[in-house]
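Take a look at the structure set out below.
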């Protein structure tokens, strides 16, 4: 799918995100103007405080935007409040500094002439200093606007919407048209508003002053593009990560099978669990064997209409590895069938919640299974093992690493956290990796993408899905699926246990 086709298919969503982006930008900009302009005026009258005030605003500007959003979450939660506050802080400095500079640079002789005409200090400010300083103040507002349009793309990271949803979703799905569909409008918005304010800034005399005032009045109106939809939301609120929201075997499949349409927030996968714990969302997506299911006492809803395929985990190895390194295959096959769903949840829980290292957890597990052997430390050829970016995959990399190091004469080049499915698979297909852990459902619907008839025939048959992907991968890519490890890390919808018991939510169809 190219960019034009993607935009054509997602035009309404793109328009909605543009309005959200404008809202985030102008709400924060309006608040910054309300604070920064008066403070800028005040420090022109209290010059001894100016270095401290400007220095403090400068420090706020140096905090990385993603870190600032993270700092706001414990105080303001997720959604628009922390996003707007963070953007407000970023907009403060250029408006504050330019207000101070613009007023200070008014010629002293002009002030003396105004005093000679009998003007009070307030009249001098309103009729002389501010009109002369407006071009400089508006330059600061222009700078703040461009900054906020850019930083607002990160707001989707914490569920505040905007064009960042397409950007983060495209990165997660390795979908370049989706990334461009978010990035290009964001850049165009920055250029448009910068040039619009530049036109206002260039006007002169009374026309300039009245236009500037009208622009400041119009700022809150832009905010309603974003505020109004949020005031009238109803129904269940779901927090999904961009990958689940965009993948065919994720939320789109649930919408199709169950005919549901939740009010959704796009969240970083780590923030989803915090959001449901703090009751900011009612439902989240996740993986069935995630350790945080236990840590946060969540209930997995049964997929009673089989919208989601089975996701049994198995090693995926490149073409020719079994012939070149048969003892490596034998070593990693020692894990076949040994890890149940409950056991994988426990291993993930130890890393996510108890803060043990993946290496420590893997070593303990292998010793309990009588599979651990000391590293032979041969220093010879290296087997390249990759993984995606989540806890379970880091644990599996450690398990494979320790098995290969202990049971074969080879070393391991571990490359955890490479990215999403497409990155790992393409690296394996191009022989840049030797193996990584994959899931049958992902291989089935994401990589192979069979016809709908095939999906419907196999989606409720775990063994059928495994045999299908095993045969098709061998035929199409020469890539081999080894024996499943035993656990099914399927996508799942999760709710708080108290809500499950209160509303009788046991399966996804109960949410309809």
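Rounding to the nearest 10 and keeping the result within 0 to 90°, find how far the Cα-based axis of helix 50-62 lies from the longest principal axis of the chain.
30 degrees
How much length, in nm to one decimal, is gained on full extension between residue 236 and residue 476, taken as 0.36 nm per residue of separation minus their Cα-Cα distance?
Value of the extension gain: 82.2 nm.
Just to confirm the number: angle between the C-alpha axis of helix 176-202 and the first principal axis of the chain, 0 to 90 degrees, nearest 10?
Between helix and principal axis, roughly 0 degrees.
Take the Cα pairs of segment 243-285, get the Kirkwood Rh, then feed it into Stokes-Einstein at 37 °C and 0.692 mPa s and tell me D in µm²/s.
D, rounded to a whole number, is 296 µm²/s.
Can you give the calculated 222 nm mean residue ellipticity of the chain, where each DSSP H run of n ≥ 4 adds -39,500 (n - 2.57) and the sum is split over every residue, rounded to the nearest 500 deg cm²/dmol?
After summing the helix terms and dividing by residue count, I get -19000 deg cm²/dmol.
Each label point is 7 Å from the Cα along the Cα-to-Cβ direction; what then is the distance between the points at residue 413 and residue 261, in nm?
Those two pseudo-labels are separated by 5.0 nm.
Ranking request for peptides 472-483, 176-187, 242-253: highest mean number of other beta-carbon atoms within 10 Å first, then the rest in descending order.
Taking the mean over residues of other Cβ atoms within 10 Å, the ranking is 242-253, 176-187, 472-483.
Taking the Cα-to-Cβ direction at residue 113 and at residue 457 and moving 7 Å from each Cα, how far apart do the two end points lie in nm?
Calculated label separation equals 8.9 nm.
Please compute the length gained on full extension between residue 305 and residue 67, using 0.36 nm multiplied by the number of residues separating them and subtracting their Cα-Cα distance.
Net length gain for the segment: 81.6 nm.
Quick one: check the C-alpha center-to-center distance for segment 407-447 versus segment 333-381, whole angstrom.
Here the two parts' Cα centres lie 18 Å apart.
Pull out a ≥ b ≥ c, the square roots of the eigenvalues of the alpha-carbon gyration tensor of segment 300-358, then state rounded if a/c is under 1.5, prolate if not and a/b is larger than b/c, and oblate in the remaining case.
Verdict is oblate for segment 300-358.
Say each of residue 497 and residue 334 gets a label point 7 Å from the Cα, pointing the same way as Cα to Cβ; how far apart are those two points in nm?
3.6 nm
What is the pair-distance distribution P(r) of segment 309-404, computed from all Cα-Cα distances in 5 Å bins starting at 0, with each bin given as a whole percent?
Computed distribution, short to long bins: 2, 11, 23, 26, 20, 12, 5, 1, 0.
Could you compute the FRET efficiency for residue 353 and residue 35, with r as their C-beta to C-beta distance and R0 at 41 Å, rounded to 0.05?
Working from the Cβ atoms, E equals 0.50.
List the equivalent ellipsoid semi-axes of segment 313-489 in whole Å, largest first, each obtained as the square root of 5λ for an eigenvalue λ of the Cα gyration tensor.
Semi-axes, largest first: 26, 20, 14 Å.
How big is segment 89-162 on each of its three principal axes, counting only the C-alpha atoms and giving the largest first in Å?
56, 17, 14
Would you compute, for the Cα atoms of segment 227-329, the largest minus smallest coordinate along each principal axis and list the three values in descending order, in whole Å?
Its Cα atoms span 62, 31, 28 Å along the three principal axes.
Going by how many other Cβ atoms sit within 10 Å of their own, how do 352, 303 line up, fewest first?
352, 303
Tell me the angle of helix 65-76 to the major Cα principal axis of the chain, expressed in degrees between 0 and 90 and rounded to the nearest ten.
Helix 65-76 sits roughly 90 degrees off the main axis of the chain.
Hull surface divided by four, with the convex hull built on the Cα atoms of segment 3-229: how many nm²?
So the mean shadow area of the Cα hull is 13.8 nm².
If you find the alpha carbon centre of segment 232-311 and of segment 86-106, how far apart are they in angstrom?
Centre-to-centre (Cα) distance: 42 Å.
How far is the Cα center of segment 1-66 from the Cα center of segment 455-469, in Å?
When both Cα centres are located, 49 Å separates them.
How large is the direction-averaged shadow of the alpha-carbon convex hull of segment 1-128, in nm²?
11.8 nm²
Rounded to two decimals, what is the ratio between the C-alpha radius of gyration of segment 5-73 and 2.2 N^0.38 Å?
Scaled against compact globular proteins, the figure is 1.65.
So, R0 is 30 Å and r is the distance between the beta-carbons of residue 327 and residue 360; what FRET efficiency does that work out to, to 0.05?
Using R0 = 30 Å, I get an efficiency of 0.70.
Readers should treat all values here as calculations from the given coordinates under stated rules, not as data from a laboratory. Please read these numbers as outputs of a predicted model, since none were measured by experiment. Don't worry about glycine lacking a Cβ; one is built from the backbone with ideal geometry, like all the others, and counts go over all protein chains shown.
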